[in-house]
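The values are calculated or read from the model by the stated rules, or taken from the named source; none is laboratory data. Note that the structure is a prediction, hence the values are computed from the model and not measured. Cβ placement follows ideal geometry from the backbone for every residue including glycine, while neighbour counts extend to all protein chains displayed. Heavy atoms of the whole protein, side chains included, go into the accessibility calculation; ligands, DNA and RNA do not. Shrake-Rupley method; radii C 1.70, N 1.55, O 1.52, S 1.80 Å.
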Amino acid sequence: MVALAVPFVNLVLLELVLRTLGYGYPTDFFLRTRVDGKPVFIENQQFSKRYFPPGLERTPRPLIFSTIKPADTLRLFLFGESAAMGDPEPSFGFGRILEVLLREAVPGRKVEVINTAVTAINSHVIREIARDCADKQGDYWIVYLGNNEVVGPFGAGTVFGDQTPSRAFIRANLALKSTRLGQLLDALRDRLSGKGGVPATWEGMEMFLKQQVAQDDPRMARVYQQFADNLGDILRLGEQAGAKVLLSSVPSNLKDAAPFASQHRRDLTPGENAT
């Protein structure tokens, strides 16, 4: 038993040494701090390092709210991607519009719309954000996601890393990188393997033009299932936290915002292609 315990103890000691030296980054979405002597939560600007290669990380919008919700406060958490964030101008996103409308609708109460949306993430990431929000005393959770399941982290057309791995692999990967030792191993792997086709800088949707995924691609079945599983987890987390959860569908505007690319079905005959 002692022989078996020695490697485990060594790993724990290495983890403690790395943390003592200040290596790595925190993985929670919110960080605790104090402002004017009062305890508050702020956003973690390094949160997305677990999901994106170096140089491509996306950051949440600046936010701050009290660790203990005042009695006269209506607190809402908004979950989503760039559309929910309000990209390219979050100051005019629907979270800000909602905040203004609610302040008019419920006078006498302070309204907090805490927008946790981040560009290019998807349900794999939002599930982890929801876990961080579960104990933050939200009255409502507004869930508006589904745009990035294919191109976001672990999707079938992602450029950020492994494509459609199993759910068990994803959970183990994220758990490992929540430790400083895991972050060190991840950094060493990136350095030894090189970029490997990963864009050097952020290029927006252009990054995915070479990663087109057809509707009948066999990997899409796993994408759909993982989205359903993650969404179910998010809804359960909200309900268990005592929040009222509002689930929004994702709209589309094909007339004014057509897809970047289009492919024929694989089973079209030469004659059907010709017509």
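Taking first residues from the stretch 101-119 that are open to solvent by 30 Å² or more (accessible area, probe 1.4 Å) and partners that are aromatic (Phe, Trp, Tyr) and at pLDDT 95 or above, no Cβ contact under 7 Å between residues at least 6 apart in sequence or on separate chains turns up. With the structure loaded, tell me whether residue 261 is within 22 Å of residue 155 (Cα to Cα), modelled with pLDDT under 85, among the aliphatic types (A, V, I, L, M) and open to solvent by less than 100 Å² (accessible area, probe 1.4 Å) or whether it fails that test. Yes: the conditions hold for residue 261. When the stretch 53-75 is limited to residues that are within 19 Å of the chain's Cα centre (by Cα) and open to solvent by less than 10 Å² (accessible area, probe 1.4 Å), the one that is nearest to residue 136 (Cα to Cα) turns out to be 60. Within the stretch 120-144, the set of residues being within 18 Å of residue 250 (Cβ to Cβ), open to solvent by 10 Å² or more (accessible area, probe 1.4 Å) and assigned to a loop (DSSP other than H, G, I, E, B) comprises just one member, 120. For residue 20, the stated conditions do not hold, so it cannot be described as surrounded by 14 or more Cβ atoms within 10 Å (Cβ to Cβ), polar (S, T, N, Q), over 17 Å from the mean Cα position of the chain (by Cα) and over 23 Å from residue 200 (Cα atoms). Go through the stretch 264-275 and give me each residue that's of a type outside the set (Asp, Glu), assigned to a loop (DSSP other than H, G, I, E, B) and loosely packed, with under 10 Cβ neighbours inside 10 Å. Matches in the stretch 264-275: 264, 266, 269, 275. When restricted to residues that are more than 25 Å from residue 31 (Cβ to Cβ), in contact with a strand residue (DSSP E or B) (Cβ under 8 Å, 6 or more places away or on another chain) and part of a helix (DSSP H, G or I), the stretch 63-93 contains 1.
Listed here are the residues, each with its yes/no results for (1) in contact with a Lys or Arg (Cβ under 8 Å, 6 or more places away or on another chain); (2) closer than 19 Å to residue 80 by Cβ; (3) part of a loop (DSSP other than H, G, I, E, B).
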residue	(1), (2), (3)
4	no, no, no
14	no, no, no
19	yes, no, no
32	no, no, no
40	yes, no, no
52	yes, yes, yes
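Annotation note: of 160, 154, 169, the sole residue that is open to solvent by 40 Å² or more (accessible area, probe 1.4 Å), within 22 Å of residue 126 (Cβ to Cβ) and either assigned to a loop (DSSP other than H, G, I, E, B) or of a type outside the set (D, E, K, R) (or both) is 169. Does residue 143 count as under 18 Å from the mean Cα position of the chain (by Cα), among the β-branched types (Val, Ile, Thr) and within 24 Å of residue 172 (Cβ to Cβ)? When the stated conditions are applied, residue 143 does not pass them.
Cβ-Cβ contacts under 9 Å between residues 6 or more apart (or on different chains), taken from a first residue in the stretch 217-230 that is over 13 Å from residue 150 (Cβ atoms) to a second residue that is among the β-branched types (Val, Ile, Thr) and in a helix (DSSP H, G or I), are listed as 230/126.
Scanning the stretch 225-275 for residues that are of a type in the set (Val, Ile, Thr) and out of contact with any strand residue (DSSP E or B) (no Cβ under 9 Å at 6 or more places or on another chain) turns up 269, 275. Residues in the stretch 21-38 include at least one that is in contact with a strand residue (DSSP E or B) (Cβ under 8 Å, 6 or more places away or on another chain), touching a residue at least 40 places away in the same chain (Cβ under 8 Å) and under 29 Å from residue 160 (Cα atoms). Restricting attention to the stretch 177-223, the residues that are farther than 30 Å from residue 265 by Cα, assigned to a helix (DSSP H, G or I), open to solvent by 40 Å² or more (accessible area, probe 1.4 Å) and basic (Lys, Arg) add up to 2.
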